[in-house]
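Input: a single structure, listed below in structure tokens.
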Amino acid sequence: MSLWRQLTRGLRALFGRAAADADLTDEVRHYLEEAAASHAARGLSPEAALRAARLEVGSLTAVTEEVRASGWEHGIETLAADVKYAARRLHTEFGFTVVVVLTIALGIGAITAIFSAVNPILFEPLPYPEAGRLVTITEMRSDGSRNDGTFGMYRGLAEGTRSFDTLAVFKPWQPTLQGRDQAERFDAQRVSADYFRVLGLSPVLGRDFEPADDRVNAPAVVILSHALWRRRFQANPAILGQSITLDERPYLVVGVMSERFENVLAPAAELWAPLQYDMSQGRAWGHHLRTVGRLGRAIGIDQAAGDVAAVGQRVIVEQRPETYAAEVMFGVASLQDDVTRSVRPALLAVFGASALVLAIVCVNVSNLFLARGVRRRSEFALRAALGAGRTRLIRQMITESFVLALLGGGLGLGLSIVGVRVLVALSPPGLPRLNAIGLDGAVFAFALTVTTAVGLLFGLIPARQAARTDPQRDMALGSQRLAGGNRRIRQALVISEVALALMLLVGSGLLFRSLARLFAMPPGFDARNVLTMQVPAPASRAGAGATLNFFASARDVIRSVPGVESAAFTSQLPMSGDRDEYGVHFEAEPARPAQSYGAFRYGVSPGYLETMRISLRRGRFFEEHDRAGAAPVALISESLAQLRFGTGDPIGRRLRIGPTDGAPYTIVGVVDDVRQMSLAVGESAAVYIPASQWPLPDGVMSFVVRARGDAAALTPAVRAAIWSADKNQPIVRVALMEDLVAASAGERRFAVILFEGFALAALVLAAAGIYGVLAGSVAERTREIGVRSALGASRGSILGLVFRQGLGLTAIGALIGLAGAGAASRVIAGLLIGISRYDPLTYTGTVALLAAVSVAACSVPAWRAVRIDPATTLRAE
């Protein structure tokens, strides 16, 4: 039969069964008549010929069914029948169906939601052409810490290496846009001319930056993000070639980026302008630029790293020894690894936790299927006795499990939509590719794959039971006595469930205790009752003196606000993401050669250290007479003092900050270490100078205001005080210092919250598993317990019988789980601060919690066992 005829016949059978059956009956009857005619042609009588034909053909019904089963449509019809039967069966067992579907939905929803975040951040390539060729270049210190690069380093590598098609540098920029509307502050970037070429992109409107745009004193040009172009300029193409005012300086708009452009290096940036540096500027050797490059074709990262290291030592370090210590190294890493480095451990840990929850879900549902299979042994036996083959029974069981899995997977996909929103809401600050988190084709494919695997796994359990059906034995014994055959399997599943739950609980406990230890670490200042506001320097006040006068005037007004205890300002604020580092050069002394260290540079007003309550270790704080024109003075952190002077006295020693041709600062005090980037990062080397003694005015200052009571309540009054000094001045990043400290541990808090949620789900599922096994065991052993009671067994002995079984399973699972937790904790080791991954208190507390929950799960079946009436049980037998 031709393929076309098979197709049309099958479709006709599917959509017109009655007519197809009539045609099939006619075909079989015609075949019988042809066979009878053949026998009659050999001389048999019509009756004998018909009889011979019937013997040759066999049962017409059997032939008809055989022909019907040979078509491809028969498989579809059988599948549809299996699905209908499964739906009726599951509707009859509505409680079982609801429990299984909800349990599956929990596991699939959790892992799908986590995968929707993990996949675009860690697994998918970055949204750039040939993203695998994009790398970052950083300076590596001898202690393994990283440092931003310099413009001099960028120029040296651009001229000396052959491993890159293009290199670019960039730094943050926060300009204020003035216009007819209210002034608005933006996150932006200053970039070298090849920045977008490195990424492999170009503006969708207008042009890219050209080398001539990136020269000192070149005309100011700017490229807009698509979102800013639509929001602020109503998507007007005529904005190209027009000027906009940024920081009271006109910038010519030359381009607009595509709506699909995703800037992983600065996700919030909405404006880009050329850097306009050259080597004649002192800032050319300041450590404040990040470097990104595009590898040449067929150039690997290792090869590029060797090239960078050689050029770096030969061209940069040897030419600039006062800026680069001899032990500095230059590292090359893929851009994707670099932007995901901080969140990778947390995301992998959370993904592993969701996988453990899914495993526990599988174990729990497997137990439910085993218990259900015991009750259906008589059904399997009866169907087998009526002629159903093992293949038919196995197919029916797998169909039922797939129907359940699809229902659970569909509901789980709905739950994952909610889960994605929760993930985005809980995501730590700076999470890369946040806009890419969502349900897409890859996530749907992942959910379908997981659902299929789960359905197949659950289907194998009843299919295995159906395959071992012995009709004569099973119908004679009944389900009660067949339950014991699955008891060991169910107990093994509960043990594995307890072990997996314990692994999750240990991980959650370790992260929770680590987070508690982290927040117990002293940040070096008192964050309570401190309000912060970031304010850019007014562009209308030209010159360092006018800029500082504005900040000083605003500070003085803030101090007069009722409820303010003290106020000051600083060039960078701890825990805020600010990172302003310079090389600090100590002058040579007897027995000590000149030496340089990288340190955070704070330009502060008098009173800043006192307002932040940063402790003075020796010397003095800044005073009002430490101002422009006076002898330059500085305070250094205790860690920097120990690095340079050990146990010696640094007071009176001199240092330079940045370019060595600058004026030296005399050390007048040593203060406590402050954690600048986060509580988990111990980079504490710092130097404080009066803001008025810094050669160039800082473009942005942060006010710190210590309140006598609720600092948040002072926000309107402090804003008004700043605007009293300049009514058009934008104020950004208003935050309580305590919130900034908490946000600095965002990755760990993110992991802790999700781990705790998964651990709670695992604990509930484990308790349900223990309860289910014990409840089934009590039901199976009703006669035995009745006999024991009749023979004089006490309630205590019956309680002990049930509790020993349940707690015994818990103990075995706990032992396995402890070993598994010790191995699995390596995944979260990078997130632990202040505790070991073998922390005894965590392990002991987790086991105690699991034991308490197990006792609670054992209580109800044990109470049922005690209440069994021996007389009623024996009469039933």
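Loop-located trypsin sites (Lys or Arg not before Pro) across the range 666-731 with a Cβ neighbour count of 12 or fewer within 10 Å are R708, K727, with loop assigned by DSSP.
Ignoring ligands, DNA and RNA, what percent of the accessible area of the range 539-728 is carbon or sulfur (1.4 Å)? In the range 539-728, the share of accessible area belonging to carbon and sulfur is 52 percent.
Counting only heavy atoms of the protein chains, get the accessible area per residue of the range 715-763 (1.4 Å probe) and round it to a whole Å² value.
So the range 715-763 comes to 40 Å² accessible per residue, rounded to a whole number.
Computed in the context of the full set of protein chains, the accessible area of the range 142-245 at 1.4 Å probe radius has 44% of its extent on carbon or sulfur.
In the context of the full protein assembly, W863 retains an accessible surface of approximately 140 Å², using a probe radius of 1.4 Å and ignoring ligands and nucleic acids.
Backbone phi angles across the range 855-860, fed through the Karplus curve with coefficients 6.51, -1.76 and 1.60 (θ = phi - 60°), yield HN-Hα couplings of 4, 5, 5, 7, 5, 5 Hz in residue order; Gly and Pro are listed as x.
Globularity index of the range 142-327 is 1.11 (Cα radius of gyration / 2.2 N^0.38 Å, N = number of residues). Entry comment: accessible area of the range 142-327 is 45 Å² per residue, from protein heavy atoms only and a probe of 1.4 Å. Amide H to amide H distances under 5 Å link F330 with M140, where only residues 5 or more positions off or on other chains count and H is placed in the peptide plane. Classify the range 641-712 as rounded, prolate or oblate, taking a ≥ b ≥ c as the square roots of the eigenvalues of its Cα gyration tensor: rounded when a/c is under 1.5, otherwise prolate if a/b is larger than b/c and oblate if not. Cα axes put the range 641-712 in the oblate bin. Per the Debye formula on identical point scatterers at the alpha carbon atoms of the range 539-728, with no solvent, log10 I(q)/I(0) at q = 0.14 Å⁻¹ is -0.80. Descending by average beta-carbon neighbour count within 10 Å, the peptides 270-279, 620-629 line up as 270-279, 620-629, the highest first. Calculated FRET efficiency, R260 to A212, Cβ-Cβ distance, R0 = 45 Å: about 0.95 to the nearest 0.05.
Taking the protein heavy atoms of the range 416-461 in the context of the full set of protein chains, the accessible area attributed to carbon and sulfur is 72 percent at 1.4 Å. I731 sits among other residues whose Cβ lies under 9 Å from its own Cβ, and their net charge, with Lys and Arg +1 and Asp and Glu -1, is +3.
The values are calculated or read from the model by the stated rules, or taken from the named source; none is laboratory data. On a predicted model such as this, the values are computed, not experimentally measured, just so you know. A quick note on method: Cβ atoms are made from the backbone with ideal geometry, for glycine too, and the neighbour counts reach across all protein chains shown. Calculation scope for accessible area: heavy atoms of the full protein, side chains included, ligands and nucleic acids excluded. Shrake-Rupley method; radii C 1.70, N 1.55, O 1.52, S 1.80 Å.
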